[in-house]
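One structure is given below, encoded as structure tokens.
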Amino acid sequence: MADLFWPGDERADGHFTDAAFLRAMVEVESEWLGRELEVPELDPAAAEAGGNPVIALVRLLREQDLEVHRGLTSQDVVDTALMRMAMHAVADVRLDLAAIGHGLTGLAEQHRDTPMVARTLTQHAVPTTFGFRVAAWLTAVLDADEDLARLTFPRQLGGAAGTRAAMVELGRELPTGIPRWHTTRAPVTRIGDALVGCTDACARIANDVVTMSRPEIGELAEGSGGGSSTMPNKANPVLSVLVRRAALTTPQLAATLHLAAAQQVDDRADGGWHAEWATLRDLVRRTLVAVSQTADLVADLRVAPDRMAANLAAAGDAVLAEQRSMTDDPAPTYLGDAGAYVDQVVARAKAALG
């Protein structure tokens, strides 16, 4: 799948496509029925009449077996299918986060003692190391991965209003340990929040690459910068720009999921639920694209220690002002425990990533 409006969308592969959604819904119906059903061809336009695709799908599936869907409601099928798709997508997000983590671990170790000038509020501050900067990137990636690892992807089996009355009438064995969350949407909003944490972490890296690759700084560069339609000599930080693009849009998508959760009413929602599906699709796919692009960005990142040292030297004596205000030593120790912090983060990454 590709999308001219979202360059790189093909990196999300088949996650949350129409075909994946249809297949997931059929899998839900198959498991409830107890036998495998063939995936029919469903005209997307058929979903409008019932407000969701399940009603039209069930009509087609009952050509295979009349017992299809008995005891379920449309939301059971859609919610469970969304959770199934989200589980697979999150697994792939975590694979790319692991690749990013491994790459950053190597960079942090390699540049543990590579000096550079720290910048706060865009201005020179104090001396630091590039390894320390990378450790900050790595911390955000590890935090994001931990949030994903805590997610759950519950099935939805409540029946028409969550009471499971039809299941009782049918003599079905009632599912145990499965929550009924028709109008309590934490499973969805938690996924949204965790995915935004991933794009936040990726943007943390991309923001620095964009800034530090400016010609007047020149401390970093993308391994294969993109060109310009009018200035072929340019090497634009395209991957970083695209990652930033994702991070500028995903928080609003998660906010829509929270708004939909806040608009739940009665025992089945009248629009809040419907607003989730495409929103979650876009959030999942944009996150998948961003983490994949960040993995490539980190793998091919070019570091210029000489420029880092030169920029630190050019900053002059002012970068030691903070330390000298604390001591009479004319040559203060200006890196504090930066190295120890790098070591701690690297150890955490190796324990988490294996």
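The values are calculated or read from the model by the stated rules, or taken from the named source; none is laboratory data. Fair warning: this is a prediction, and the values are worked out from it, not measured in the lab. Virtual Cβ from ideal backbone geometry, glycine too; neighbours counted across all protein chains shown. Side chains included, ligands, DNA and RNA excluded: accessible areas come from the protein's heavy atoms. Shrake-Rupley method; radii C 1.70, N 1.55, O 1.52, S 1.80 Å.
What the table below lists for this structure:
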item: Qualifying position, being assigned to a helix (DSSP H, G or I), in contact (Cβ under 8 Å) with a residue 60 or more places away in the chain and open to solvent by 30 Å² or more (accessible area, probe 1.4 Å), among 258, 274; result: 258
item: Tally, over the range 171-190, of residues that are in a loop (DSSP other than H, G, I, E, B), touching a residue at least 60 places away in the same chain (Cβ under 8 Å) and within 21 Å of residue 84 (Cα to Cα); result: 5
item: Matching residues in the range 155-170 - criterion: being in a loop (DSSP other than H, G, I, E, B), touching a Gly at 6+ places or on another chain (Cβ under 9 Å) and either closer than 15 Å to residue 80 by Cα or of a type outside the set (Lys, Arg) (or both); result: 157, 159
item: From 171, 177, residue being modelled with pLDDT under 95, open to solvent by 10 Å² or more (accessible area, probe 1.4 Å) and under 30 Å from residue 198 (Cβ atoms); result: 177
item: Inter-residue pairs, beta-carbon under 7 Å, first over 17 Å from residue 214 (Cα atoms) and in the range 237-249, second open to solvent by 40 Å² or more (accessible area, probe 1.4 Å) and part of a helix (DSSP H, G or I), 6+ apart; result: 246/286; 247/200; 249/286
item: Residue check for residue 86: in a helix (DSSP H, G or I), out of contact with any His (no Cβ under 7 Å at 6 or more places or on another chain), under 26 Å from residue 299 (Cβ atoms) and small (Gly, Ala, Ser); result: no
item: Subset of the range 13-42 [within 23 Å of residue 279 (Cβ to Cβ), surrounded by fewer than 17 Cβ atoms within 10 Å (Cβ to Cβ) and either in contact with an Asp or Glu (Cβ under 7 Å, 6 or more places away or on another chain) or of a type outside the set (A, V, I, L, M, F, W, C) (or both)]; result: 13, 14, 17, 18, 23
item: Residue within the range 2-22 that is farther than 30 Å from residue 293 by Cα and in contact with a His (Cβ under 8 Å, 6 or more places away or on another chain) present; result: no
item: Residues (more than 20 Å from residue 122 (Cα to Cα) and among the charged types (D, E, K, R)) located in the range 189-208; result: 190, 193
item: Residue within the range 122-137 that is modelled with pLDDT of 95 or more, crowded, with 22+ Cβ neighbours inside 10 Å and among the aliphatic types (A, V, I, L, M) present; result: yes
